[in-house]
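K.L.:
What follows is a single structure, and I will ask about it in a moment.
The values are calculated or read from the model by the stated rules, or taken from the named source; none is laboratory data. Being a predicted model, the structure only gives us computed values, none of them experimental. Every residue, glycine as well, gets a Cβ built from its backbone with ideal geometry; the counts of neighbours run over all protein chains shown.
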Amino acid sequence: MATAKMADVVRALIKVGDLEGLQRVTPDGYDWSEPDGTAKPPLMIEVMLGPYAQWEIRAKMLDWMIKAGADPLRAVPADNADTCSIDIGRKGEDIKIPYKEHCATTFACEAVRALQESVHVAASDVKVTAFKGYLDALTRARPVLGQSNVAIPQSVVDMWESIRQMTPTHNVVFETADGEVSAHDLILVTASPVLKAMLESTMREGSSKRITVKDASGSGVRLLVDMLYTSSTRDELDYKTVLVALDLAHRWQAKGIVPVLEGILPAMVTVESFVAIAEAAMLKGLQKLQQACKTFAANTSEVKTMLDRGPLPAEVRQLLGEPADPGPEGAQHKKRRTFTAP
């Protein structure tokens, strides 16, 4: 007896907006990019094309899909010739968005932009609300960031937390800007090749087991150490603390922790934190965090005001597609004189 392809079942459940059914039938490790026909839109975009009145459940569906391994930044190939039409209630004036080179996030951004620019669509229109809700889900969900996650018993996490708290047995001390943070050298040398080289060398760090990081806050170093032990913390976090931990993890090449810390920051992007987070994303080449910052900027008028008023770090301007050096206010470019060989 013939059976339906899983890809067809998944797409059918997405079309009808059945999140619970999708969760029940989708196998672990499902390939969300599975090719299932060139005439069909990508699955994450398919979610957004359903009835707009269902946008809340569909936003939850996007959130779950990302957590299950779907990549909101996976782009449609450049040779895809298909186009999405969004009905705005006026015959012959649908909004048309080509799928090619769009990921789910940029597609949602383009839909919001087009709807907001249309004189026939009110700001309160359910389609505007829906796509803004999709954008929120796409940028807040914690994606799989280049490594597999596994479920482990809580008792194992509790055990490692207990080891973390055995301060009398710690044999390495970080001298931070506002205090000391200690840890076991075995954890540090296993997690970071840079710390391994420092602690096993004949330099001061190797002989004294004391590492000076006066440019880092104690809370940031403590967060990094917590993450190395259990990938969790009991401390209340703010974006500055996470940025310090991220900077150290990147500096010390603790590659297993960099994506975890990167994944915390998209939900912390606000008008206040935007510049610092965007600059860190650019300097460290964190593409998923860069995309989250671009999405935030595209939907936040205050960022446009920042650009107009300046100055902003060159990396942030570059992320937003602006010249790295805006030049003096009101300055005019001199006419270019062109010469050719006789």
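K.L.:
Tell me the helices (runs of 4 or more DSSP H) entirely within region 191-305 that contain at least 1 residues that are in the same structural domain as V128 (by TED's automatic domain parsing).
P.N.:
It comes to none.
K.L.:
Every residue in region 268-288 that is surrounded by fewer than 18 Cβ atoms within 10 Å (Cβ to Cβ) and within 15 Å of L312 (Cα to Cα), please.
P.N.:
V271, E272, V275, A276, L283
K.L.:
Test G37 against the criterion of being over 28 Å from V126 (Cβ atoms) and either surrounded by 14 or more Cβ atoms within 10 Å (Cβ to Cβ) or at pLDDT 85 or above (or both), and give yes or no.
P.N.:
Taking the combined requirement at face value, the residue does not satisfy it.
K.L.:
Let me ask something else. Identify, from the list T305, T295, the residue that is hydroxyl-bearing (S, T, Y), surrounded by 13 or more Cβ atoms within 10 Å (Cβ to Cβ) and either modelled with pLDDT of 85 or more or touching a helix residue (DSSP H, G or I) at 6+ places or on another chain (Cβ under 6 Å) (or both).
P.N.:
Exactly one residue qualifies, and that residue is T295.
K.L.:
Please specify each residue of region 43-73 satisfying the condition of being farther than 12 Å from L138 by Cα and either aromatic (F, W, Y) or in contact with a helix residue (DSSP H, G or I) (Cβ under 9 Å, 6 or more places away or on another chain) (or both).
P.N.:
Result: L43, E46, L49, G50, P51, Y52, A53, Q54, W55, E56, I57, A68.
K.L.:
Taking only region 85-116 into account, find how many residues are within 13 Å of V128 (Cα to Cα), among the aliphatic types (A, V, I, L, M) and within 24 Å of the chain's Cα centre (by Cα).
P.N.:
Total meeting the criteria: 4.
K.L.:
Condition (residue is more than 27 Å from D158 (Cα to Cα) and crowded, with 19+ Cβ neighbours inside 10 Å) applied to region 214-223: is it met by at least one residue?
P.N.:
Yes; the residues of region 214-223 include at least one that is more than 27 Å from D158 (Cα to Cα) and crowded, with 19+ Cβ neighbours inside 10 Å.
K.L.:
Quick one: what pairs do we get from region 58-75, first residue touching a residue at least 24 places away in the same chain (Cβ under 8 Å), second outside any loop (DSSP other than H, G, I, E, B) and among the acidic types (D, E), C-beta under 9 Å, 6+ apart or different chains?
P.N.:
Close Cβ pairs satisfying both conditions: A59/D136.
K.L.:
Sticking with this structure for a sec: Of (1) out of contact with any Leu (no Cβ under 9 Å at 6 or more places or on another chain); (2) touching a residue at least 40 places away in the same chain (Cβ under 8 Å), P266 satisfies all except one. Which?
P.N.:
For P266, the exception is condition (1).
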